[in-house]
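The values are calculated or read from the model by the stated rules, or taken from the named source; none is laboratory data. In this text the structure is predicted, and so the values were computed from the model without any measurement. Neighbour counts run over all protein chains shown; Cβ positions are idealised from the backbone, glycine included.
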Amino acid sequence: MSGALSCIVQKGLTNLSRVRLARPPYGCARHVFSQQRVDLDFDLTTAADLALFYQALLNDGKALDGSRIWQSEMLLEARRIRTGGLIDPIRGITANRALGIVIAGHDGKGNLRGFGRTNSPQTFGHPGFGGQIGWADPVTGISFAYLTNGYDRNDLREGRRSVALSSLAGACCN
């Protein structure tokens, strides 16, 4: 990972300031991201942009400028788990899949789904290919993204890194 991890402490949706990954001096960390640009399927994005995307999902579907992107009802419906008791064949646990996202869940196995140990059961997001991850926690208001320009072929190392980074990000409000 090039660049240091940073937290952005947000008051409202427009007053942003960067701080180190630690407990913020006031309020609650709202976005945590690495300072790296990544090429994903020929699109260029940053972890900060992805964290802001998840922040809009937490902000009742509104962008930074206040414009509505999604309807509230649609966002709630998108987070409804649709897989029931379906077992993830790789992890051996319930899949907890909603519409294009994974829900951490109340079974205490959110870390096996790519979330941190400090994330609430309502946390939603998706682990990406080769170690990318993005999520939002409705309980704390934190959105997080970690992107890398490489592919980690070591599944154990990738999983440990994702859980560690997500746990650190989730602890910003604890």
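A single entry from Ser120, Ser162, Ser72 fulfils the requirement of being small (Gly, Ala, Ser) and modelled with pLDDT under 90: Ser162.
When Gly100, Gly125, Gly114, Gly105 are checked against the criterion of being crowded, with 19+ Cβ neighbours inside 10 Å and farther than 18 Å from Glu158 by Cα, Gly105 stands alone in meeting it. When the test is whether a residue is part of a loop (DSSP other than H, G, I, E, B) and at pLDDT below 85, Asp107 does not pass it. Testing Gly134 on (1) without any contact (Cβ under 8 Å) to a residue 60 or more places away in the chain; (2) touching a helix residue (DSSP H, G or I) at 6+ places or on another chain (Cβ under 7 Å), one condition comes back false. Which one is that? Here Gly134 clears every test but (1). Sub-6 Å Cβ pairs linking a first residue in the range 154-174 that is at negative phi to a second residue that is in a helix (DSSP H, G or I) and at pLDDT below 85, at least 6 apart or interchain, are Glu158/Gly131, ordered by first then second residue. Selection within the range 127-159: residues that are part of a loop (DSSP other than H, G, I, E, B) and among the β-branched types (Val, Ile, Thr). The member of this set that is modelled with the lowest pLDDT is Thr148.
Only a single item in (1) in contact with a His (Cβ under 6 Å, 6 or more places away or on another chain); (2) farther than 21 Å from Thr45 by Cα is not met by Ile101, and it is number (2). For first residues located in the range 56-73 and closer than 21 Å to Thr140 by Cα, partners that are basic (Lys, Arg) and outside any loop (DSSP other than H, G, I, E, B) and lie 6+ apart or on another chain with Cβ distances below 6 Å form the pairs Gly61/Arg68; Lys62/Arg68. Phe115: modelled with pLDDT under 95 and in contact with an Asp or Glu (Cβ under 9 Å, 6 or more places away or on another chain), yes or no? Against the criterion (modelled with pLDDT under 95 and in contact with an Asp or Glu (Cβ under 9 Å, 6 or more places away or on another chain)), Phe115 qualifies.
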